[in-house]
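Working notes, beginning with the structure itself.
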């Protein structure tokens, strides 16, 4: 019996230590956090005691650190594509489009961004709001700002933007939920993007990206407008190539998305382009690992604009192909 009690005690301590490893409160004497608090007080007139109280209720999550170490964008295209190009996501997108048709039309007329692109972004990000994140944004940003050195400066900046955002919008910083990286709401805006690009499309005096489709749709459209979406221009073409000369255009980095190649350069390197393109339109050449081997794509300015949402060719291609499916099935 005595051994059994010790066994139970040992198990209890083990589970307690595991739980602590998964989520622990930030210590009040953390020098990084103290420096951050002092900066927020000096530069933005926050109250030091309120921030200390806030951090005392903020938790560090090991699961967040584990998740950021294995992003989906590290997968090859033939594994990445099936995650986002699914029948359920298409059906959900068509339903979202029907339910918000007038709003999407108004956003297109206001910002010049097509309905299918707006819907596809929301679909890829959160399945139209069904999976908008389970972490407190404060926890996620603090974990990555103070416990993930490789990207600490970026997330420290986003934490600052988040505190400014919640103050401006009158939100409780300990109540808002988002992704493991701190992206928020149906369109998964980072705090800096929220402050720059979110709009009150509903006119109710608030920018609500969690549960107001009007603000969500308007904000996504405004994001693309502000990143110079060109209405009516193509996004991407799957192309055929002759020989191996095209590989020289892929550059040192695998995916160079910013348009920098003339159509003459592309053709001279064996890339077969469609006819009727505007003469001065430049593109970029990318190669993806398809199910049946390498796929070559010429991507244009608007593809690059999509990549401003997530700097990945795989992400941008998923949005583009889902948008095509949505338009074709309308």
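The values are calculated or read from the model by the stated rules, or taken from the named source; none is laboratory data. This one's a predicted model, so the numbers in the text were calculated from it and none came from an experiment. Counting neighbours? That spans all protein chains shown, and the Cβs are built from the backbone with ideal geometry, glycine included.
Mind checking whether some residue in segment 97-110 is without any contact (Cβ under 8 Å) to a residue 60 or more places away in the chain and surrounded by 21 or more Cβ atoms within 10 Å (Cβ to Cβ)? Within segment 97-110, not a single residue is without any contact (Cβ under 8 Å) to a residue 60 or more places away in the chain and surrounded by 21 or more Cβ atoms within 10 Å (Cβ to Cβ).
Hey, does segment 170-191 have a residue that's in a helix (DSSP H, G or I), at pLDDT 95 or above and crowded, with 20+ Cβ neighbours inside 10 Å? Within segment 170-191, one or more residues are in a helix (DSSP H, G or I), at pLDDT 95 or above and crowded, with 20+ Cβ neighbours inside 10 Å. Is it true that some residue in segment 20-43 is exposed (fewer than 10 other Cβ atoms within 10 Å of the Cβ), more than 26 Å from residue 133 (Cβ to Cβ) and either in contact with a helix residue (DSSP H, G or I) (Cβ under 6 Å, 6 or more places away or on another chain) or modelled with pLDDT under 85 (or both)? Taking every residue of segment 20-43 in turn, at least one turns out to be exposed (fewer than 10 other Cβ atoms within 10 Å of the Cβ), more than 26 Å from residue 133 (Cβ to Cβ) and either in contact with a helix residue (DSSP H, G or I) (Cβ under 6 Å, 6 or more places away or on another chain) or modelled with pLDDT under 85 (or both). Only one of the listed residues (294, 274) is free of Cβ contacts under 8 Å to residues at least 40 places away in the same chain and closer than 28 Å to residue 118 by Cβ. That residue is 274. None of 162, 78 is part of a helix (DSSP H, G or I) and in contact with a strand residue (DSSP E or B) (Cβ under 7 Å, 6 or more places away or on another chain) except 78. Of all residues assigned to segment 206-214, none qualifies as being under 16 Å from the mean Cα position of the chain (by Cα), modelled with pLDDT of 95 or more, assigned to a helix (DSSP H, G or I) and crowded, with 20+ Cβ neighbours inside 10 Å. Residue count for segment 109-133, restricted to those that are at pLDDT 95 or above and under 15 Å from the mean Cα position of the chain (by Cα): 12. Flag: residue 237 matches the condition of being in contact with a strand residue (DSSP E or B) (Cβ under 6 Å, 6 or more places away or on another chain), in contact (Cβ under 8 Å) with a residue 60 or more places away in the chain and more than 22 Å from residue 100 (Cα to Cα). Here segment 273-309 is the region considered, the condition is being surrounded by fewer than 14 Cβ atoms within 10 Å (Cβ to Cβ) and in a strand (DSSP E or B), and the residue that is farthest from the chain's Cα centre (by Cα) is 293. Of the residues that make up segment 235-252, is at least one surrounded by 15 or more Cβ atoms within 10 Å (Cβ to Cβ), touching a helix residue (DSSP H, G or I) at 6+ places or on another chain (Cβ under 6 Å) and outside any loop (DSSP other than H, G, I, E, B)? Within segment 235-252, one or more residues are surrounded by 15 or more Cβ atoms within 10 Å (Cβ to Cβ), touching a helix residue (DSSP H, G or I) at 6+ places or on another chain (Cβ under 6 Å) and outside any loop (DSSP other than H, G, I, E, B). Quick check on residue 266: is it outside any helix (DSSP H, G or I), touching a helix residue (DSSP H, G or I) at 6+ places or on another chain (Cβ under 8 Å) and modelled with pLDDT of 95 or more? When the stated conditions are applied, residue 266 does not pass them. Close contacts from segment 158-175, counting a first residue that is on the phi > 0 side of the Ramachandran plot and free of Cβ contacts under 8 Å to residues at least 24 places away in the same chain and a second that is surrounded by 19 or more Cβ atoms within 10 Å (Cβ to Cβ) and not in a helix (DSSP H, G or I), with Cβ to Cβ under 8 Å and a gap of 6+ residues or different chains, come to none at all.
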